[in-house]
Amino acid sequence: MTDIRRTILWVVFTMSLVLLWDGWQRHNGQPSLFHPAPAKTVSAPTGPASGAALAAAQPGAAATAASGVPATPAAPVIQNKLVTFTTDVVKATIDTRGGSLVRVELLKHADDTNPSGHVVVLDPLRQYSARSGLLNVPNAPSDQTVLTLVDGPTALQDGQDALTVRLEGEQGGVKLAKTYTFKRGDYAIGVRHEVTNQGAAAVTPQLYLQLVRDGHVDHTGPSFAPSSFAGPALYTDKAKYHKLSFDDLKKGKAEYEKNADDGWVAMVQHYFVSAWLRNEAGPREFNVRPLNENLYTAGMVMNFASIAPGATGKLDDVLYVGPQEEKKLEDLAPGLELVKDYGIFKILSKPLFWLLDLLHQLLGNWGWAIIVLVVLLKAAFYGLNASAYRSMAKMKAVNPRIQELRERYKDKPQQMQQEMMRIYKEEKINPLGSCLPIFLQMPFFMGLYWVLLSSVEMRGAPWVLWIHDLSKPDSLFGHLLGAPIGPLPLLMTLSSLLQVWLNPQPADPVQAKMMWIMPLAFSVMFFFFPSGLVLYWLVNNILSIAQQWMINKRLGVMDPVMKK
């Protein structure tokens, strides 16, 4: 048994060193052992990638291709242009080719790794854009048709609640007008498509809405922590929320609901999301697939009602490009809040975030809200923890007797085990009594871990003094040592060592040394954790130490080296 424990401790210690090295590599800009740098994407084509092929490959486009309409003479090439529009929360760039939204910069979310200084979600460098166009009408305007921008303001003025951008174009006997409505303080963009039939026969066009982006996934957070999902996702009332990984799409293994009367599509990444939304019931066809080696699309196709000659039909949708603010997403569309990735602990993380958000509303600071939430959790589990610490204290009290038994019966392991069980029975000690209560609490604390890891509210959220961003490591001394080292992880290390001092010491000298080394190895990893997560673990440690200290003192086992 001793050899097995020793082996396990060495394995854990070795893995700790590997994870520490990996964290150091990532801090210095080197690729992670666990999340290697992706292959470089081939140089991007000019303009939206493969837009014509996208439209042609959409469901319903085959009818257009096979319609037998004679080809028209080539028209002169019309040059597209990029126009930027600004509100109080976004700077959005629209390409007149297709009227596609090709860049969205979030002005309220800082990003020191981006030249703009802000988070950029839709981004031409990533070939990441939101597109739309018409199907089922020969030569109808698509996301490759150059539209004309109707003159109007390019910035939201003081006193205005909305900025409207309108683009128009005619092709194939139909006129398409696309209108974007940007609202003050809102990341949800209203998008209206109006189709006017300029031909002599009725038409029944289809509208496709697409999100296109490359398959590069940025691993944010500690390299040894689980990654938040990044990739396409869709939702229907029947199939509910469904994530589709880029790898599964590339391998042709992705399965999803192709047709429904409700639902939406999205591209998800850590903290942020883009999504085409339509809450109005009506048939729609979903299309999620790779376009080439490293480019993917997620889209919907919907039908216009039949449009008579000279008449106009319209469809209204919402394009959301912004942060994963759970409460706001819930109001936009059913199930949209599910893009916030809580991992396997969703059933616990959602109520924990609700409580954390409530505390933030009362306290006005996310750091203090984290501290109070941990206090409430420790209070809720006070009885379980007390049971565990009493068991530890009793184990510590009998530790000298156990050591004596090991010396006396070192050549008689079976008899030694019998004597140990006799002592445990006399002292009413359950050797597993210290483990079970802690094991029962772990899902709740892991749920809170995922809340802090996935909540965009932590980005740029200050606590006190030098902690200006709870989503970044505490690196107060980093400029001196060249590593993200700060007081919070140092205090975390001290608290872990104090916990080892309070716990029963293993009789095996090697195990005893490893019990002191392991907290050092694990605590160093906290130098690379976001400061909000370190704060959460530190407060948890401090409260555990306080409770364990009181129980040890009450039972008279404060001296770590007990005498007989």
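The values are calculated or read from the model by the stated rules, or taken from the named source; none is laboratory data. Computed from a prediction, not measured in an experiment: that's the story for all the values here. Here the Cβ positions follow ideal geometry from the backbone for every residue, glycine too, while neighbour counts run over all protein chains shown. With ligands, DNA and RNA removed, areas are computed over all heavy atoms of the protein, side chains included. Shrake-Rupley method; radii C 1.70, N 1.55, O 1.52, S 1.80 Å.
Quick notes on this one:
- Residue in the range 156-166 that is more than 26 Å from the chain's Cα centre (by Cα) and within 19 Å of R97 (Cβ to Cβ) present: yes
- Long-range neighbours under 8 Å by Cβ, at least six apart or interchain, first residue farther than 18 Å from S228 by Cβ within the range 248-269, second among the hydrophobic types (A, V, I, L, M, F, W, C) and assigned to a loop (DSSP other than H, G, I, E, B): A254/L244; Y256/A239; Y256/L244; E257/A239; A260/A239; D261/A281; D262/A281; W264/A333
- Residue among P31, P76 that alone is at pLDDT below 95 and either surrounded by 12 or more Cβ atoms within 10 Å (Cβ to Cβ) or not in a loop (DSSP other than H, G, I, E, B) (or both): P31
- L377 falls short on exactly one of the conditions (1) of a type in the set (A, V, I, L, M); (2) open to solvent by 60 Å² or more (accessible area, probe 1.4 Å); (3) modelled with pLDDT under 90, and that condition is (2).
- E170 satisfies every condition listed in (1) among the charged types (D, E, K, R); (2) in a strand (DSSP E or B); (3) closer than 24 Å to E285 by Cα except (3).
- Filtering A140, A201 for residues that are assigned to a loop (DSSP other than H, G, I, E, B) and exposed (fewer than 14 other Cβ atoms within 10 Å of the Cβ) leaves a single hit, A201.
- Pick from the range 335-345, criterion touching a residue at least 60 places away in the same chain (Cβ under 8 Å) and charged (D, E, K, R), ranking: surrounded by the fewest Cβ atoms within 10 Å (Cβ to Cβ): D341
- Looking only at the range 380-395, and only at residues there that are among the hydrophobic types (A, V, I, L, M, F, W, C) and open to solvent by 20 Å² or more (accessible area, probe 1.4 Å), the one that is modelled with the highest pLDDT: A380
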